[in-house]
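So the structure is just underneath, and the comments pick up after that.
The values are calculated or read from the model by the stated rules, or taken from the named source; none is laboratory data. Predicted model only: the values in this text are computed from it and were never measured. All Cβ positions, glycine included, derive from the backbone under ideal geometry; neighbour counts span all protein chains shown. Only protein heavy atoms, including side chains, enter the accessible area calculation; ligands, DNA and RNA are left aside. Shrake-Rupley method; radii C 1.70, N 1.55, O 1.52, S 1.80 Å.
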Amino acid sequence: MTAASKPAVAPAPALLTAVFEAASEAMVLCATADDTVVLANEAARRLLPGMQPGGPVAAPLPADGADSFQTEHEGRRLYGMRRPVGDGHYAWYLRDRTESAALELERSRTAFLAEAGRRLSASLHVRRCVRTTVELAAAHLADAAMVVLPPHRRHSEWVRLLPGLPAEEGTLREPTLGEVPGLIEALGGFPPIPSRWLDPAQAPAWLVPAGFGPVGALLVIPLPGNAEPAGALILARCGPAAVFSTEDETLARMFAARAGAAISAAMLYREQVDTAAVLQADLLPPELPQTDGFELSGSYQASSDALRIGGDFYDVFTPAGAGADTVIALGDVCGTGPEAAVLTGKVRQTLRALCLVRTEPAAMLTVLNEALLQSARQPRFVTMVVGSVRRTDHGRVRLDLASGGHPAPLVLRTDGRVEEVPTSGTLIGVLPRTVVRPATVELAPGELCLLYSDGLTEARGGPSGTEQFGEARLHQALAECRGMAGAATVDRIRQLVADWVRGGNSDDIAMLAVRAPSRTPLSLRGGGAPTPSPYVVAARRADRRPRNRA
């Protein structure tokens, strides 16, 4: 008899048991006929202590012939696959996925917190941060989320969101806050109260919208901010069996810390913006008054688009009594930005006070120099031109001008000539003794005097991008404005400088123009119709020309 023809030898039970016990994977061998356990290795007995040979197949193993299952059993997440073994037996292969499930849960929570940090830090708008907070909380933490901001003027703003529904907003009166368990404490910055200590039945009807159902679990968490709470986060879950586990509360608190920091930063930014707006409103150039006998036109452009105030300024002080001159001023404070703007405010207020005592322009600069030397914490100087303006006979305008280290004003005559006013002086705020050489100029009807800061002539651009606009170009540009109104002249020069710079950086630029109005046409003096200007006549002639028709 050959080896191939020898009958097969059935494995001994001891050998089969040894094979089962040596397997690292949990296995349970069962009889098909009566669903009894034949063998269970050590790994299976650790997972299912009640699964013993000879006993019936019991939970969590299904007895309905299913090929697989996944369930929670005594705090463990188990997964099993059923495979037939021969004609009369089948085996369950079991795996413990508790650690992998915990790792997956931790990964999902970490991803959620990372997404929350990214979205919350994307904006410094308070309302947008609050909306993002309720969106994230309603999608990941609860069935409904609500953010209540700290009371302001005895009212609190709130935003509420349910998944799939649009966000709702409103306000609450301060006494109403006490109707929500734990809300007063959360808004006061106290540690969060565990959800098991809060009675959901005490939640007021307005806390959740109609149709939400009974609140089964409630969690109120403070939103920590910068030195004071940024608000409170209210989380609600629906249904009698709803709960917040310890892990849920820990995750909610970690999320609340990120949301509170974002909302607090947005609130601080809003306060800074509001404060800057108040300061800018007082430091920006004033609206020019309507004067009798001459025109005033101004233009100001700060070097930074983000901050509309800087070191250049102009101001007009109208007389308080009859017969007083109008005082004009244009200056350039050393530096740019907020520090220069603060000094600008000091200079303008000092000039305003000096105008009340009707001081001459040269004396104003002398007193201003002494005031800056006494109040300055660090050396800062100002260059400026101060002048008094009055109307004289026959429509002429007289200007008494005094300069302290500033570019000389320019006068545009009716024939197109551009002249420099011969006034000069030392810098203001540097030397104890100020030297000022005032000058007087008269404007005939239609003539204009332009005060400007050196940011105009020092604006760099042109073909090379580094060439200064310069005084020669300014003189030529002003000469081309002959016959134009003061506002049109200022706008044209500003546009020419902007084209020269071509979007590049430049210093602060300020301009102030005083123009004597043109003489009244003779036809108006007799009550007849006004005589049209040559520009109007040319335009009318052009309109009468025959036009090509398609």
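So with the 1.4 Å probe, I'd like the accessible area per residue for region 160-214, rounded to whole Å². Don't skip to the end; give the middle numbers.
Numbers: 3160 Å² over 55 residues.
Here the residues of region 160-214 average 57 Å² of exposed surface.
For the chain, what's the relative contact order in percent, using C-alpha pairs closer than 8 Å and at least 6 residues apart? Provide the component values of the computation, followed by the final result.
Values: 1026 pairs, mean separation 47.0, N = 550.
Relative contact order of the chain: 9 percent.
Under the 0.36 nm per residue contour assumption, what length would be gained going from the current alpha-carbon distance of Q202 and R97 to full extension?
Numbers: separation 105, 0.36 × 105 = 37.80 nm, distance 3.96 nm.
Extending this stretch completely gives an extra 33.8 nm.
At a 1.4 Å probe radius, carbon and sulfur cover how many percent of the accessible area of the chain?
Exposed carbon and sulfur together represent 53 percent of the surface.
Roughly how many nanometres apart are two label points built 7 Å out from the Cα toward the Cβ at A139 and A167?
1.2 nm
Measure off 7 Å from each Cα along the Cα-to-Cβ vector at D499 and L373, then give the distance between these two points in nanometres to one decimal.
4.6 nm
Find how much the distance from H152 to V273 grows on full extension, using 0.36 nm per residue of separation minus their present alpha carbon separation; answer in nm with one decimal.
Length gained between H152 and V273: 41.7 nm.
With a length cut of 18 Å (Cα positions projected on each helix's long axis) and a Kyte-Doolittle mean of at least 0.0, go through the chain and give me the DSSP H helices that pass. Intermediate results must be reported in sequence, preceding the final value.
Values: long enough: 98-120 (33 Å, -0.37); 126-140 (21 Å, 0.18); 246-283 (55 Å, 0.22); 337-356 (29 Å, 0.39); 361-375 (21 Å, 0.87); 486-501 (23 Å, 0.30).
Helices meeting the span and hydropathy rule in the chain are 126-140, 246-283, 337-356, 361-375, 486-501.
Please work out how much length the chain gains when fully extended from R128 to A31, using 0.36 nm per residue of separation minus the C-alpha to C-alpha distance, in nm with one decimal.
28.6 nm
Given a Förster distance of 22 Å, report the FRET efficiency between A14 and V85 from their Cβ-Cβ distance, rounded to the nearest 0.05. Don't skip to the answer; put the middle values down first.
Details: r = 18 Å, r/R0 = 0.82.
That gives a FRET efficiency of 0.75.
How long are the three semi-axes of the equivalent ellipsoid of region 232-288, in whole Å, if each is the root of 5 times an eigenvalue of the C-alpha gyration tensor, listed from largest down? Show your work: numbers first, answer last.
Numbers: eigenvalues 415, 28, 4 Å².
Output for region 232-288: semi-axes of 46, 12, 4 Å.
At 37 °C and a viscosity of 0.692 mPa s, what translational diffusion coefficient does Stokes-Einstein give for the chain, taking Rh as the Kirkwood radius over Cα pairs? Give it in µm²/s as a whole number.
Value of D from the Cα-based Kirkwood radius: 102 µm²/s.
Can you classify region 115-261 as rounded, prolate or oblate using the Cα gyration tensor, where a ≥ b ≥ c are the square roots of its eigenvalues, rounded means a/c under 1.5, and otherwise it's prolate if a/b beats b/c and oblate if not?
Rounded is the answer for region 115-261, as its axis ratio a/c remains below 1.5.
Say a paramagnetic label sat at a point 7 Å from the Cα of Q349, along Cα to Cβ; which residues of region 256-276 have their backbone N under 11 Å from it?
Hits in region 256-276 for Q349 at 11 Å: none.
Using a/c under 1.5 as the rounded threshold, could you call region 445-486 rounded, prolate or oblate? The axes a ≥ b ≥ c are square roots of the C-alpha gyration tensor eigenvalues, and prolate needs a/b larger than b/c, oblate otherwise.
Since a/c reaches 1.5 and a/b is larger than b/c, the shape of region 445-486 is classed as prolate.
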